[in-house]
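The values are calculated or read from the model by the stated rules, or taken from the named source; none is laboratory data. Since the model is a prediction, treat every value here as computed from it, not as a measurement. A quick note on method: Cβ atoms are made from the backbone with ideal geometry, for glycine too, and the neighbour counts reach across all protein chains shown.
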Amino acid sequence: MIPLPLGELRGLGRLDADAETVSGVQIDSRRVHPGDLFVAVRGGVAYLDDARARGAAATLVPVDDFAALAAIGRAARSRIDARVVAITGSVGKTSTKDILTALLRASGADVVAAEDGYNNELGLPLTLCRVEEHTDVVVTEMGMRGLGQIRALAEIARPHVGLITSIAPVHLELLGSIENIARAKAELLEIAEIGIVPADEPLLASYGARTFDRVVPEIRAGHAIVDGVEFDFAARHQAQNAAAAIAVLDTLGYDRPQGVVEVTFSRWRSQETPLPGGGLLINDAWNANPVAMRAALAHLRDCAAGRRTVAILGDMAELGAEAARFHEEIARELGSVDLVIGVGELARGYAPAVWAATAAEAVALAQELVQPGDAVLVKGSRSVGLEVVAEALA
């Protein structure tokens, strides 16, 4: 972190300090290093002594958690010379962040990228606080639950480039319509210096942003070739995210890297693990919505290569009044899957061969029914917690 004077944080809460500046900011006392500021959010006051014992130079018990982190984020941003990228979208923002980070590093850039799930009022400021004086690009991620939230995050980050990966029926329960989802995501375009959106998304056409085209990748020997760049993955749906990431890379002025670009995807996102008997586990348990579910099922079919296919599918949450219809539509995609295990009340709509009420119950079913040599997809919304199923199988 670029050293942050604590004098700028007066008035945010109870500040106890042994130094005039701090060299890092943490909200988890276990991650504190000497010289850090520990901000006691969400009951963190119970860990003040632990933070001090680990070398915290200062502690802050904020009056308002979000307001305090926003102020810290703005203070950190004011010191950043690196170019800032902000990524949002209904589908693919984290994977696009992972791919862009890999592209930038392969092109020689010093990059700070948002950690897994650091895309909200707490996570975004923490990402900005990790930037150093030598950082070339910081890649942030922005999630939202309603109107106004992307704007609030973008006002903290003040991005040079803002990318919207997609507009899809996610958060309908809170926003009510696909048009409102597009409006909420487009708040980023109002603040970013340069906006980039999918060329085929009519709901974003009026914003005058640059565009990227969705592509059909060339798949060769387990690698995807997207717009001339070769990646070490073969998932066709990740090619769309790669096309978006390449558009950002071009906008930032970096040369496209030569050779195969190796991408490390965030946990529980299309993570592939060998199973006994030549089987394959696709752990995509981080989240689910209709668009992502179709893409994951297509990837399962691509990977099957003669194996029996098993789909362990949880509820798709936050779809509002038409949730049942969306689950029934996915059911029509499951005809070619040999075994479907549904998890959660809404997952009954998949018409599964076997159903479990909870992820814990699904663990036992999966261990009983998955056979050596199977290709297995595990996918559901965060609220279902299907990673425990994937972990048990792995």
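Might you let me know whether the stretch 190-203 holds any residue that is at pLDDT below 95 and in a helix (DSSP H, G or I)? No, the stretch 190-203 has no match at all. Per the conditions (1) more than 21 Å from GLY117 (Cα to Cα); (2) not in a strand (DSSP E or B); (3) not β-branched (Val, Ile, Thr), the sole criterion not satisfied by LEU313 is (2).
Among the conditions (1) of a type in the set (A, V, I, L, M, F, W, C); (2) surrounded by fewer than 24 Cβ atoms within 10 Å (Cβ to Cβ); (3) assigned to a loop (DSSP other than H, G, I, E, B), LEU104 misses just one, which is (3).
For the stretch 84-102, filtered to residues that are closer than 22 Å to TRP268 by Cβ and of a type in the set (A, V, I, L, M), the residue that is modelled with the lowest pLDDT is VAL91. The requirement of being touching an Asp or Glu at 6+ places or on another chain (Cβ under 6 Å), surrounded by fewer than 21 Cβ atoms within 10 Å (Cβ to Cβ), without any contact (Cβ under 8 Å) to a residue 60 or more places away in the chain and not aromatic (Phe, Trp, Tyr) is fulfilled somewhere in the stretch 193-203, by at least one residue. The set of residues in the stretch 115-146 being part of a strand (DSSP E or B) and more than 26 Å from ARG183 (Cα to Cα) consists of VAL137 alone. For GLU187, indicate whether it is surrounded by fewer than 18 Cβ atoms within 10 Å (Cβ to Cβ), assigned to a helix (DSSP H, G or I) and in contact (Cβ under 8 Å) with a residue 12 or more places away in the chain. Judged against the criteria, GLU187 is not a match.
Taking the stretch 99-151 as the range and being free of Cβ contacts under 8 Å to residues at least 24 places away in the same chain and in contact with a Phe, Trp or Tyr (Cβ under 7 Å, 6 or more places away or on another chain) as the test, only THR127 passes. Here LEU124, LEU147, LEU172 are screened, and the one residue that is surrounded by fewer than 17 Cβ atoms within 10 Å (Cβ to Cβ) and touching an Asp or Glu at 6+ places or on another chain (Cβ under 9 Å) is LEU147.
Just one of (1) in contact with a helix residue (DSSP H, G or I) (Cβ under 6 Å, 6 or more places away or on another chain); (2) crowded, with 21+ Cβ neighbours inside 10 Å; (3) assigned to a helix (DSSP H, G or I); (4) touching a residue at least 60 places away in the same chain (Cβ under 8 Å) fails for ALA51. It is (4). Of all the numbered requirements in (1) at pLDDT 95 or above; (2) of a type in the set (Val, Ile, Thr); (3) over 29 Å from ASP227 (Cα atoms), ILE178 misses one, and that requirement is (1).
Scanning the stretch 201-250 for residues that are basic (Lys, Arg) and over 22 Å from the mean Cα position of the chain (by Cα) turns up ARG210, ARG220. Scan the stretch 307-348 for residues that are surrounded by fewer than 16 Cβ atoms within 10 Å (Cβ to Cβ), at pLDDT below 95 and of a type in the set (Gly, Ala, Ser) and the total you get is 4. Of the strands (runs of 3 or more DSSP E) that lie entirely inside the stretch 211-301, not one contains 3 or more residues that are aromatic (Phe, Trp, Tyr) and surrounded by fewer than 22 Cβ atoms within 10 Å (Cβ to Cβ). Residues in the stretch 13-29 that are over 15 Å from ALA53 (Cα atoms) and either of a type in the set (Phe, Trp, Tyr) or over 24 Å from the mean Cα position of the chain (by Cα) (or both): GLY13, ARG14, LEU15, ALA19, GLU20, THR21, VAL22, SER23. Based on this model, can you work out whether ARG14 counts as farther than 18 Å from THR127 by Cα and in a loop (DSSP other than H, G, I, E, B)? Here the answer is no, as ARG14 does not meet what is asked. Kindly indicate whether PRO159 is outside the structural domain of PHE326 (by TED's automatic domain parsing), in a loop (DSSP other than H, G, I, E, B), touching a Ser or Thr at 6+ places or on another chain (Cβ under 8 Å) and surrounded by fewer than 22 Cβ atoms within 10 Å (Cβ to Cβ). In short, no. The requirement of being over 14 Å from LYS97 (Cα atoms), of a type in the set (A, V, I, L, M, F, W, C), touching a residue at least 40 places away in the same chain (Cβ under 8 Å) and touching a Cys at 6+ places or on another chain (Cβ under 8 Å) is fulfilled somewhere in the stretch 272-280, by at least one residue.
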